[in-house]
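Contents: one structure, followed by commentary.
The values are calculated or read from the model by the stated rules, or taken from the named source; none is laboratory data. Everything numeric in this text was worked out from a predicted model, so none of it was measured. Positions of Cβ are generated from backbone atoms using ideal geometry, with glycine treated the same way; all protein chains shown enter the neighbour counts. In case anyone asks, the SASA skips ligands and DNA or RNA and just uses the protein heavy atoms, side chains included. Shrake-Rupley method; radii C 1.70, N 1.55, O 1.52, S 1.80 Å.
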Amino acid sequence: MLLAIAVCPLAVPHWWESNRHKFLVSAGLGAPILALYLVTRPAAILGMAEEYVSFIILLAGLYVVSGGILLRGDLEATPATNTTFLAAGSVLASFIGTTGASMLLIRPLLQTNRERRHVRHTVIVFVFLVSNIGGMLTPLGDPPLFLGYLQGVPFTWTFRLWPQWLFMVAALLAIYFVWDTRAYARETAAARRRDRTEVEPLRVRGGLNGIGLILIVLAVAFLHAPWREIAIVAVAAASLRLTPRPIRRANNFTAYPMIEVAVLFFGIFLTMIPALDVLHARGGELGVRRPWQFFWATGALSSFLDNAPTYLTFVALAQGLGLTNEVIGVPHAILSAISVGAVAMGANTYIGNAPNFMVKSIAEEAKVPMPSFFGFMLYSGGILVPLFVVVTLLFFR
């Protein structure tokens, strides 16, 4: 499944553009797993189906509601402006989720940079910060932290991750500012002149959808299935009905990115069932006992498998080691390492976290040439992996 996502856009790019073809690949690769587990462990299929439905409903709800908020305007796309966008998104992600923040800000960021030729690096760092690392401070920010909250982690416990959050956000913003300054200098004089002259102040339309985002956050925080999903669907339906269509047209709002995420993660959720079973059954043989080991083991798997069940798997592994019971049966340092690894290393690949693919799809619809699956990993390997090494030395030794 992972190889298909990585290779097909390069080998058969035109064929791969169709979401129908993506679904055929997902269904074809997932069918043997489905048949095996329906016979041997149907409860595993049912549990994964429930998680998949909740996952897609939450993403779709945030996508629909945030797509009804139109930030119109065209700021001067200087390095300072773009860095401010990324900083604001890094804060917002912890309070309305990485998906909500990504969908709310990616379009105005692309609009602001439409006069520039060098935009790819801005979208890449946006994925790093807004779609992943920014959502580390509350259980609402990223699915693994919300699952931890449901497992008994206090709601305010994630605030203790602020040193790691602040260090990574500040480091990436500094790297980006230098990178964008160099890229801005390579823009043509005509492009910079057009960027300065075609400036419009930001204006918000569809502000009622801001209340919708708050309602979704409250539903996630205080309701359980199926009422949580019913509430999210109701808010999304109200948003679709009440938001004027010109707002969504101006946002270039289409169902394509959400359908792409749904069909690809359908295959990922199915095919990762045996991989996670292997972790549950043989995880103790990994020799993972120290915080830095949990950080890298959780992060490495979260880069390629869904980070929510990976988080739960390593929490269960830590609980089985009989270490100090400081929170849900594990030490604070171990849970911090698992949490930071699951959230931050979701930025390593396009499939590490659902908003990654959505942002890629929206950027490509705006004619921004995004890197391939392996090309994106070159960026994350060159920028994020050294950063994670420093994080290990500072926080998880």
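Summary table below
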item: For region 215-287, convex hull volume per residue from C-alpha positions, Å³; result: 158
item: Whole-number D in µm²/s for region 194-239 (Stokes-Einstein; Kirkwood sum over Cα pairs; 37 °C, 0.692 mPa s); result: 261
item: Å² of accessible area per residue within the chain, as computed with a 1.4 Å probe and no ligands counted; result: 42
item: Geometric extent, Cα atoms of region 303-397 - Rg, Dmax (angstrom); result: 16.1, 53
item: Crossing angle, helix 291-302 versus the chain [Cα axis fit, 0-90 degrees, rounded to tens]; result: 70
item: Alpha carbon convex hull of region 109-162, projected area averaged over orientations, nm²; result: 4.4
item: Stretch gain in nm, segment residue 321-residue 117, where the contour uses 0.36 nm per residue and the Cα spacing is subtracted; result: 68.2 nm
item: Per-selection Rg to Rh, the chain - Cα, Kirkwood hydrodynamic radius; result: 0.96
item: Average silhouette area of region 147-257, convex hull of alpha-carbon atoms, in square nanometres; result: 11.2
item: Diffusion coefficient, µm² s⁻¹, Stokes-Einstein with Kirkwood Rh over alpha-carbon pairs of region 1-47 at 37 °C and 0.692 mPa s; result: 276
item: Binned Cα-Cα distances of region 330-373, short to long, each 10 Å bin given as a whole percent; result: 26, 37, 22, 12, 3
item: Mean projection area, nm², convex hull over Cα of region 1-148; result: 11.0
item: Heavy atoms of residue 196: accessible area, 1.4 Å probe, square angstrom to 10; result: 130
item: Amide H contacts under 5 Å for residue 74, placed H, 5+ residues apart; result: 200
item: Largest-first ordering by accessible area, 1.4 Å probe, given options 372, 66; result: 372, 66
item: Pair residue 41, residue 175: separation of 7 Å Cα→Cβ label points (nm); result: 3.6
item: Gain in span if fully extended, residue 372 to residue 223, counting 0.36 nm per residue against the direct Cα distance; result: 49.8 nm
item: Rounded to 10°, Cα long-axis angle of helix 79-112 versus longest principal axis of the chain; result: 30
item: Rounded accessible area of residue 1 (nearest 10 Å², 1.4 Å probe); result: 40
item: Alpha-carbon centroid distance for the pair region 268-332 / region 119-144, whole angstrom; result: 22
item: Between 0 and 90°, nearest 10: helix 19-40 axis offset from the chain longest Cα axis; result: 10
item: From the C-alpha gyration tensor of region 1-87, square roots of 5λ in Å; result: 37, 21, 12
item: Efficiency of FRET between residue 15 and residue 385 - r from beta-carbon atoms, R0 45 angstrom, step 0.05; result: 0.90
